[in-house]
1. Kirkwood Rh, region B:495-599, all Cα pairs: how many Å?
2. I need the Kirkwood Rh of region B:121-208: take the reciprocal of the average 1/r across all distinct C-alpha pairs and report it in angstrom.
3. Rank the residues B:TRP330, B:TRP643 as a footprinting-exposure proxy: fewest other Cβ atoms within 10 Å of their Cβ go first.
4. Note down the net charge around B:ALA320, summing +1 for each Lys or Arg and -1 for each Asp or Glu among other residues with Cβ under 9 Å from its Cβ.
5. Quick check: convex hull of the Cα atoms in region B:596-677, volume per residue, rounded to a whole Å³?
6. What's the exposure ranking of B:CYS317, B:CYS70, going from fewest to most Cβ atoms within 10 Å?
7. Which cross-chain or sequence-distant (5 or more) residues have an amide H under 5 Å from the amide H of B:HIS20, H modelled 1.01 Å from N in plane?
8. Mind pulling the angle between the C-alpha long axis of helix A:141-158 and the longest principal axis of chain A? Nearest 10 degrees, somewhere in 0 to 90.
Amino acid sequence: MSPLSLSFTLNGQAVMAGADRHRVFLDLLRDELGLNGPKYGCGMAQCGACSVLVDGKPARACVLRAARVEGREVVTLEGLAEGGKLHPVQQAFVEKQAAQCGYCLNGMVISAVALLRANPRPGRDEIREGMRDNLCRCGTHQEIIEAVERAAELLAEAGEGAHV
Amino acid sequence: MSDIGLVSVFEDRPDGRVTHVQIDGAGQVTGFNGHVDLGTGIETALSQIVAEELDLPLGDVAMVLGDTACTPDQGPTIASETIQVAAVPLRKAAAQLRNYLAGEGARRLNAPADGVELRGGTVVWKDTQVTYAALVAGKDVAMRLDPEMPVKDPKDYRIVGQAAGRVDLPSKATGDFAYIQDLKVAGMVHGHVVRPPYAGRDSGDFIGRSLVSFDEAAVAQMPGFLAVVREGDFLAVVAETAHQAQRIAEALPVSWRMPPPAPDLSDLKHALKAAPSTPRALDRTGDFDAAIGECGIRLERSYVWPYHLHGSIGPSCAVADWQDGRPVVWSGTQNPHMLRGDLATLTGLDPEAIEIRRLQAAGCYGRNCADDVCGDALILARAMGCPVRVQLTRAQETLWEPKGAAQLMEVSGGIAGTGDLHAYALDTWYPSNRGPNLSLLLTGRISPEPRPSDMGDRTTVPPYRVPNKKITVHDMAPMVRAAWMRGVSALPNTFAHESFMDELAHEAGEDPVAFRLRHLDDPRAADLVRRTAAEAGWEERTGPRFRREGRMAYGQGFAYATYVHGTFPGTAAAAAAWVCDVTVDTLTGEVTLTRVFVGQDQGLVINPDGVRAQIHGNVMQTASRTLHEEVAFEEITPAPQSWATYPIQTFDRLPEIRTMLIERPDEPALGVGESAAVPAAAAIANAIFDATGVRLREAPFQRPRPARFRRHRPRGELHRLGAVDPDEHGLAGLPFAFADELLVRARRAPPVDQPRLVEGLGRAVLPEFLAGAGTAAAMRAEEHVGGQMLGIRQERRQRLGDVMRVPAQVGCALRHAATSVAASSRAASHSL
Ligand code: FES
Ligand code: FES
C-alpha cells in the first residue's frame, strides 16, 4: 500500500496527486481535489452518480482505482463549461428543467455528453438505452430524455467537435 | 446588517419570535420558512409567492429554509403541506412589506398613498420613482405580522402561475451547488459508523444492548486514526479522512451478541394481522352491519401492500460542531425543528442551544436516515471537540432507513337493489411510526419499546356517497423500522378503495368511470373525473375487454383520489385521476406500463412546470413501487443492501406521460408533492384486469428478481467500468455464483489484505452477497457467533434461488384464470 504519485489531466489542468494503490478515484476527486460534481451514490457502479469522463469515455469513479487514471485525461461536471458558458448538454438540462433534487444530475449530464459524442443524433430508444444504467429516484426521466434530445440539437447548432 | 438598513415582518410564536420576510438596504429580499426543499422545487415556488406580493423579479428574492436559528417551526415537511399551510404567513408578511414600501415610497415622492405603483423593485408615481433599497437604507424597522393583511388578488398575478425555472438548477448543472454531502467545514474530521447486526429494527430488548466488545488496539496504528467512540450500541471510528475512517471501521474487530430473528414477514397479510394493534373507529356513518345484509351484490376483498425503500440516490450525510455545548448541525433533514428536539434528548442540552442548518440533500420522499446521521455526527463532535462529518454507505442507508411500511386493507361492501353503493367497510393495518432517531435507540437514551403511531388513517374514507360506513384503522407499532413515504398510508388505502370500486362496477355491470361519477357528490371531484376520462380517451366498458394481439394483452385502467393527509379527518391536498394503459405478456406475466394520463386539480397553480415535474416523478416512482418493488427480509434484517437487490425505475420503463392541470386560480393552492402517486396502484391493477380479467390485490404485481441486475453484465463490462481487476487476486474466470469460494479465498489471504479483498469483491462481483458481511469486521463478528451468519447467508442464497424460480405473480394468476380467459372472453365478462 505504498503511496503512488499520480499525474493526470483534470479539467484541462495537469494534476499531481498522491494516493495509495487501492484508493478509489472518487475519493481522490472529492476529498483531496475538492470537486463536488461527481457524487457518491452507491460505490458499486450501479447508479452512475459518480460518473466522470476518462479520455472521453464515461467511467464510474466510485470503482475506478486512482492508479488507473495515470496519464489520462479526466473531465468532470466542473470541467464542461467553457469560459463561463454552459456546455450545450448542461444548457439543455437547465432549459428542460431536467432535475428534481439533482443528485443524479452529474451522472446524467456526463453520460449524455458521452452518448452524444458516440451518437450525435440518437433516437428516443437509443437515448433510453444509453442512459439506462443511470438511476434517478425522483423520476425525472421524461425531462432528462427531452434534455438529451435538446442537447443533440444544440450540439448540432454549435457544430461538431466544438466541445469536450 | 442593520447599519445598511433592514425592514422585516415578524411573528411571535409559542417557540419564540420569527421573521417571515425582510428587505435590507441593498434591496435584497429574504423569505424564511420552516419547511425545506426535498428536491421538489419548493424553494422556487416560495420565492415566486414572495416576489409576486412585492412585485420583484424572481431573482431578487432569496429563501432561507429550515434553519432552526432563523425560521419558524412549521413542523416537518410532510404531507405536501408547504404551499398549502406553511406559505400562508409568508405571503401575508410579503404583502405587509409591500404595504410598508408603498407608504414610504408615497411619502418620499409626495404622492397619495394609494396612487403609487410598485414595479421591479421601485415605487413609481407619475414620472418620479424611488427604489426599495433607497427606502430601506438606514432604517431599522421590525413589524409584527398582521394576520388580516390583504394579499394580492390572483387576477393580478404576474409571477405566480407562470412556469419558473428552478432557482437552484444552473448551479447544480455545473457542480457548484453544495449539497449536504458536499459541505466542508474548517477543521472537520470524519466519522464512520459501525452499525449493530440488527439492521433496520427499532424495538426489542436487544436494541442498544448488543455490543460485547471491540479491539481498539488492533486499529490504533492505522493511518489517520483518531478515535473509536462508543455509547451503548453506538460505535464509530473517527479519522482524518473519510477514506481512512471507513478502512479503520472495516478493520475494527467487534463482537456483537446475535440478535433474535425478526418477525416472519414472508406472509405479510398474516404477519400484519397477527401483530398487536389497536382498532380506532373513524367514519361510522349509518349502520354498516345492518346495511351490508341488505345488499344484493356484496364483496369482501383484501389488498396487500409491501415494504418499500425510499431509496434516496445519495446516502445520508451530516456535519456537526459541538462548540462547547452550543452545537451547530448541518443537515439534510426533512424536519429541522423535530430533529432539534431529538438532539436535545440525545445530549441533554436545551433545544434552544442547538442550531440546525439545513442544506439540500438527495431527494428523500419521506423519512430516510437524514436525521439519524445528525445524531451520529453530534455524538462524535462532542467526543472530539471539533467538527465531524459522517456519511453513510449505500448499504447502511439501505439497511437502516425506516422503510415505507407494508399495509393490509380489508374491504367489505355492497350495492343495494337500487344499484347504489349502500355499505362500505375498510379495515387498515399500517405498521409504521415517525421513525425515532436511531442515535437515541442505539445509545439507550430512549427505550426500545414498540411505538405505534396514528398515520394509517390517511384517505381511509372513500370519496364516494355511501350511506353506511364503517372505517377502522388498526394503529400498530412498526414490525421493522418504518416511517412515512410518499403517499403515506393513503396510497395503499386508495389501492383498496379504487380497486374495490372497479370490482363493484364490474359486478354491477356498469362502466367503472360512470359508476364512480354516479357516486361522486363533490362537483369539483366529479369535474376532474369527467374531464380526465374525456381527455385521456377513456373507453367505456362493463367488464374486462381481453384485447389481444398474439401473446400480448392490452388494457386500460382508471383510478381517482383526493389525497387526504393529516390525522383523521385530515385535510385535502390536490386531487388526481389516472387513466393508464398496460401491456401484459400472457406467457411471462410481464406487465409494461405504456401510457399514463394524469388529470390534477390543485386549485391555484404556483408554478405549472414544478407541478408537472411532481406529477412525472410521482408516476415514475409509484409505477415502479407498484409493479416491481418490495423489500425482502432475512431472518434478522432486511435483505437489500444495494440497487442490485432492490432495482428501482430505469429509463427503459418510462411510459408516455401526459398531464392535465385544471386551472382554478380563485381556489387556494393545494399541495402537489404526492397526489399523483395516490391513484397509481389501483389504476394499474384495473388496467391489468381489463387486459386479462385477473385481479391483482397484492403489490408488487411483478416480484423483483434480484439476480437480474448488474451482476449479469459480462465481465468485460466490469473492466470497462474500472472495477477491481479479477486477475489481481487470481479470480479470473470464477463464476459469480461461487460465492462461498470467494469468501474462502478472502479468508486465506493475509489478514492485512482481507478488508480490501472482501470489499473489492463486494464491489465488483457480488455486491449483495458480500455486502452481507462486507467487511473484515463483519467477518470476525460472524466467526464470533460460530458461523451462524454464514448459515443464514447460505439459506438466503437458496431463497434467492427460489425467488428467481417463482413465476411473476401475474403469470401465476393468469394460469388460474387461463381456463375462463381461453374459453370465452365474453363469458368471463358477464355481470351478475
Ligand atoms: S456511486 Fe458510482 S455508480 Fe453509484
Ligand atoms: S433528480 Fe433526484 S435522483 Fe434524479
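Derivation of every value follows stated rules applied to the coordinates shown; laboratory data play no part. Values in this document were obtained by computation on a predicted structure and should not be read as measured data. Glycine gets a Cβ as well: all are built from the backbone with ideal geometry, and neighbour counts include every protein chain shown.
1. Numbers: mean 1/r = 0.0671 Å⁻¹.
Roughly 14.9 Å, rounded to one decimal.
2. Details: mean 1/r = 0.0476 Å⁻¹.
Computed over region B:121-208, the radius equals 21.0 Å.
3. Working: B:TRP330 23, B:TRP643 26.
The fewest-first ordering by Cβ neighbours comes to B:TRP330, B:TRP643.
4. Details: positive: B:ARG382, B:ARG389; negative: B:ASP321, B:ASP376.
Once positives and negatives cancel, what remains is 0.
5. Cα-based convex hull of region B:596-677, divided per residue, equals 108 Å³.
6. Values: B:CYS317 28, B:CYS70 15.
Final ranking by Cβ density, sparse to dense: B:CYS70, B:CYS317.
7. It is B:VAL9, B:PHE10, B:GLU11, by chain and number.
8. 90 degrees
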